[in-house]
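Note sheet for the following structure.
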Amino acid sequence: MFLLPLLVACDPAEDSGNPLVYAFPEGFRWGAAGAAHQIEGGNTNNNWYQFETLPEFAGKTAEPSGAGVDGYARYEEDADLLVDLGADVYRLSIEWSRVEPARDTWNEEEWAHYGAVIDALRARGVEPMITLHHFTDPIWTYDLTDVECESGPSDTNLCGWTNPEVPAEFAEFAAEAALRFGDRVDEWTTFNEPGGYLLSGYLGGAFPPGEMNLTTGSVESRIFPVAAGMLDANAAAYAAVKANDLVDADGDGVVARVGFTNSIQWIVPADPDDPADVAAADRVRGLYGYLFPDAMINGLLDRDLDGVPEESHPEWAGTCDLLGYQYYFRMYVTSVPNFPPIEAVPCDRTMLSIFGLDPAVLGCPEVNEDDVTQMGYEHYSPGLGLLAPEMASRYPGTPLRVTEAGIATTTGKRRGESIVRQLAGLSEAIEAGAPVDGYIHWSLTDNFEWADGYRPRFGLYTVDRDTFARTPNEGVDVLSRIIADNGIRRDLWEQYGEGEHLSPGE
Ligand code: BGC
């Protein structure tokens, strides 16, 4: 935990009784995020919808996304919520399957819709940060009614990223988005959490296409080819946005900054004194946390999965101007000899139970129950700050931004604690030199949490499941004060910052 809060210089006359104890640099960006499929509702033309509704995938998701949180219709209202929060950036995604429902066919009404969303944000002084791919694929790129691609690739089923036509189509979509919105958008994210998407979809089976390859050792035959397709897609989309967004929309000297957002947890060995666990944690970190940034920034791939990338890929290098990082939990890793693909597993209760592995027998540490969130993992506040120097030293010269962090809870106090403690650690990391230029909270409103459905509540604004009414919870109070102060004042720290564990609650 944090020992003594740093006392930061501020105007003593103004705030003598309640000084800032953690501060952020001038110009630090503050925002919140959402993603199309999780909020809009009515997204029936992508393969997540198939995954939620086709009988062959029954049980994979807790419930279908259905009407979302009515975000498609309520974009003006949600833009107002961002203003209430004090945000200057909103991270949102364009649903590819809406604007291109069939191959090479643009839907003009849907493009106009996203144009209106962008305009609504900018009219309120909120800059859009656009994600082009947030977990969902148009059905025509990979139709789950023929996952094995038995009929062969066609215009209605290109059979996924391993077909070079899919990266090429993604780049066309990226070019079109940049052409249409480049005058109003400067910040672009190609893929959201490509590592999470890849490993959940093609290794753990929790995302479309639902492949469970954990015990088959098929990293060579499946994981790397899909990753390579996505990396080709990223490189092509990067070039496409740069070629088509030629306007500095907000006048800050940046015409187009193109990056991606990386899922990276605080990954530690279950037993730090056991060299086998230490090496296992390195391997998991390499595969889960660093595969994509290593490739997009340094043009390297860890082909032998030992945690150290060695294979050179200049065609992917230099295709990330801004590295977004997204952090949610501490992941203990234990070594499990002869367990493919990397002889290591995360101490994840759900995953271990699928394979009949007992966490205690494997040597997984006990976690304090108060720190376990609605997602079943351990919330560990210091992780957000600890990750920043680790990434800064691995990718020198690449600016970082927290593009997601948050907590699934229905208890306001826990959300407040999570925000204050994580941001305190982040402030310290920045003070120590980590080049983090902003913080985007996940999420603005409650939304569809993929396989877990609507139960986990990540929103700063709680959404009534029947009326879709949005109500600010304690998270808004806490984060809006931090944003207004560009830092954490003593009273907020005393109320939420102290204590090793989260307050009890769901
Ligand atoms: C994803 C979000 C998700 C969040 C919370 C991130 O992995 O980008 O879509 O809702 O984590 O689980």
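The values are calculated or read from the model by the stated rules, or taken from the named source; none is laboratory data. The structure presented is a predicted model; accordingly, all values stated were derived computationally and were not measured. Quick reminder, even Gly has a Cβ in these numbers, built from the backbone with ideal geometry, and neighbours come from all protein chains shown. For accessibility, only protein heavy atoms count, side chains too; no ligands or nucleic acids. Shrake-Rupley method; radii C 1.70, N 1.55, O 1.52, S 1.80 Å.
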| remark: So Ala62 and Asp437, fully extended at 0.36 nm per residue minus their Cα-Cα distance, gain in nm 131.4 nm
| query | Arranged from highest to lowest average of other beta-carbon atoms within 10 Å per residue, in what order do the peptides 351-362, 115-126, 193-204 appear? | reply | 193-204, 115-126, 351-362
| query | With the contact rule set at Cα under 8 Å and sequence spacing of 6 or more, what percent relative contact order holds for region 432-506? | reply | 16 percent
| Distance between region 21-62 and region 93-139 - C-alpha centres, whole angstrom | 14 Å
| task | Give the shape of region 293-400 as rounded, prolate or oblate, defined through the alpha-carbon gyration tensor: a ≥ b ≥ c are the square roots of its eigenvalues, a/c under 1.5 means rounded, and otherwise the shape is prolate if a/b is larger than b/c and oblate if not. | result | oblate
| task | Give me the accessible area per residue for region 328-368, probe 1.4 Å, as a whole number in Å². | result | 52 Å²
| Ser16 versus Ala317: modelled label distance in nm, points set 7 Å from Cα along the beta carbon direction | 5.8 nm
| field | Protection proxy ranking, peptides 315-323, 241-249, average beta carbon neighbours within 10 Å, highest first | value | 315-323, 241-249
| query | What FRET efficiency, computed as 1/(1 + (r/R0)^6) with R0 = 51 Å and r the Cβ-Cβ distance, is obtained for Asn338 and Arg455, rounded to the nearest 0.05? | reply | 0.90
| task | With a/c under 1.5 counting as rounded, go ahead and sort region 203-303 into rounded, prolate or oblate using the C-alpha gyration tensor (a ≥ b ≥ c being the square roots of the eigenvalues; past the cut-off, prolate if a/b is larger than b/c, else oblate). | result | prolate
| request: Over region 29-135, calculate the relative contact order: mean separation of alpha carbon pairs under 8 Å at least 6 apart, over the residue count, as a percent. | output: 34 percent
| Listed peptides 158-171, 257-270 by packing density, highest first (mean Cβ within 10 Å) | 257-270, 158-171
| Taking the Cβ-Cβ separation of Met212 and Glu109 as r and a Förster radius of 25 Å, what is the calculated FRET efficiency to the nearest 0.05? | 0.05
| request: Can you work out the PRE-style zone for Thr471? Point 7 Å along Cα to Cβ, and I want the residues of region 398-435 with backbone N under 18 Å. | output: 409-416
| query | Given a cut-off of under 8 Å on Cα pairs at least six residues apart, what relative contact order in percent is computed for the chain? | reply | 17 percent
| remark: Per the 1/(1 + (r/R0)^6) rule, R0 = 41 Å and r from the Cβ atoms of Val255 and Glu220, FRET efficiency to 0.05 is 0.55
| query | When the helices in the chain are scored as -39500 (n - 2.57) per DSSP H run of 4 or longer and the sum is shared across all residues, what 222 nm value do you end up with, to the nearest 500 deg cm²/dmol? | reply | -9500 deg cm²/dmol
| Scaled radius of gyration (Cα, divided by 2.2 N^0.38 Å) that region 139-239 gives | 1.15
| query | From the square roots a ≥ b ≥ c of the eigenvalues of the alpha-carbon gyration tensor of the chain, which class results: rounded (a/c under 1.5), prolate (a/b over b/c), or oblate? | reply | rounded
